[in-house]
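Single-structure report; data block below.
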Amino acid sequence: MAVGTLDEKQRHAMLTKWGVHFDEDSRFMMQPGRIFETVLYAEDLAAAERFYHEALGLEVIERGNLAAVFRCGDGVLLIFDPRKSAAPGREVPSHGTSGAGHVAFAAKPEDLEAWRAQLRQDGILIEREVAWPEGGRSIYFRDPAGNVVELAPPTIWGGGWKF
C-alpha cells in the first residue's frame, strides 16, 4: 500500500516505524541522527593536543593555529583557541567561551580500573568519582585548559547506551 493511500493515523504509524519524528502536534519534525562535533576551548593547543592524544589516546586528524581536531569513535572533538575562533569575519560563524567546559566520554564499567591506572601513569589527578543512583560510576578530571573531562557509564541519562 502506498503511503499516499493511508489515512493520517496509518501514515503517522508507518513513518514513525521508519524513524521519522513528530512533535506533540503530530507535525513532521526533522531530528539530527547524532552529535558529530563537540567543541572545547584551550589557548594552549599544543598542551591540549598532548593531553587528548597521549593521555586519552585520541587520534589527531588535524592541527593548526586555530584548532586541534581528534577522532573519537564516529565523532570529532575539536579544541579551539577561543582568541582565534571568536574573531569576526571568519568563514564560519565566530564562537568561543570563557571558563571551563565539560565533555563526557563513554567508558565501559569494566574499563574504569584501567582508565584510573592510565590517568595515574600520566600524572592526571582524578578530581572526583561519582556513583550514580541508576548504577555505574563516572570519573572526573581536568585537561590542561581546566575543562572538566568525564568518563561516563552507559547507565546514566536513561541507561541502555551501547558503548
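Each reported figure results from applying straightforward, stated rules to the coordinates on display, with no laboratory input. Since the structure is predicted, the reported quantities are computational estimates derived from the model, not experimental observations. Neighbour counts are summed over all protein chains in view; Cβ atoms, including those assigned to glycine, are modelled from backbone coordinates with ideal geometry.
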query = If amide H atoms are built 1.01 Å from N in the plane of the peptide, which residues on other chains or at least 5 residues away come under 5 Å of the amide H of residue 105?
reply = 150, 151, 152
request  = Would you please report the Å³ per residue occupied by the convex hull of the alpha carbon atoms in segment 58-138?
outcome  = 159
query = Picking from 31, 163, 106, whose Cα lies most toward the positive end of the charge dipole for the chain (charges on Cβ: Lys, Arg +1; Asp, Glu -1)?
reply = 31
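Residue 61 to residue 83: FRET efficiency via 1/(1 + (r/R0)^6), r the Cβ-Cβ distance, R0 30 Å, to the nearest 0.05? Don't jump to the answer; show the numbers that get you there.
Working: r = 22 Å, r/R0 = 0.75.
That gives a FRET efficiency of 0.85.
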request  = Could you give the size of the charge dipole of the chain about its Cα centre, using +1 on the Cβ of each K and R and -1 on the Cβ of each D and E, expressed in debye and rounded to the nearest 20?
outcome  = 160
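Give me the extension gain from residue 161 to residue 28: residue separation times 0.36 nm, minus the current Cα-Cα distance, reported in nm with one decimal. Provide the component values of the computation, followed by the final result.
Numbers: separation 133, 0.36 × 133 = 47.88 nm, distance 2.59 nm.
That works out to 45.3 nm of additional length.
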remark   = Quick note, segment 102-148: a/c under 1.5 would make it rounded; otherwise a/b > b/c is prolate and the rest oblate (a ≥ b ≥ c, C-alpha gyration tensor); here it is oblate
ask   = So what is the calculated 222 nm ellipticity per residue for the chain, using -39500 (n - 2.57) for each DSSP H run with n of 4 or more, over all residues, to the nearest 500 deg cm²/dmol?
value = -5000 deg cm²/dmol
message = Using only Cα atoms and rounding to the nearest 10 degrees, what angle (0 to 90) does helix 8-17 make with the longest principal axis of the chain?
response = 30
inquiry  = Tell me the angle of helix 112-121 to the major Cα principal axis of the chain, expressed in degrees between 0 and 90 and rounded to the nearest ten.
reply    = 30
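Diagonalise the Cα gyration tensor of the chain and give the resulting equivalent ellipsoid semi-axes, square root of 5 times each eigenvalue, largest first, whole Å. Intermediate values should be presented prior to the final figure.
On the way: eigenvalues 267, 117, 35 Å².
Gyration-tensor ellipsoid for the chain: 37, 24, 13 Å.
For each of 111, 143, count neighbouring Cβ atoms within 10 Å of the residue's Cβ, then give the residues from fewest to most. Walk me through the intermediate numbers first.
Details: 111 14, 143 22.
The most exposed by this proxy come first: 111, 143.
Starting with the fewest neighbours, write out 45, 151 ranked by other beta-carbon atoms found within 10 Å of each beta-carbon.
Fewest-to-most Cβ neighbours within 10 Å comes out as 45, 151.
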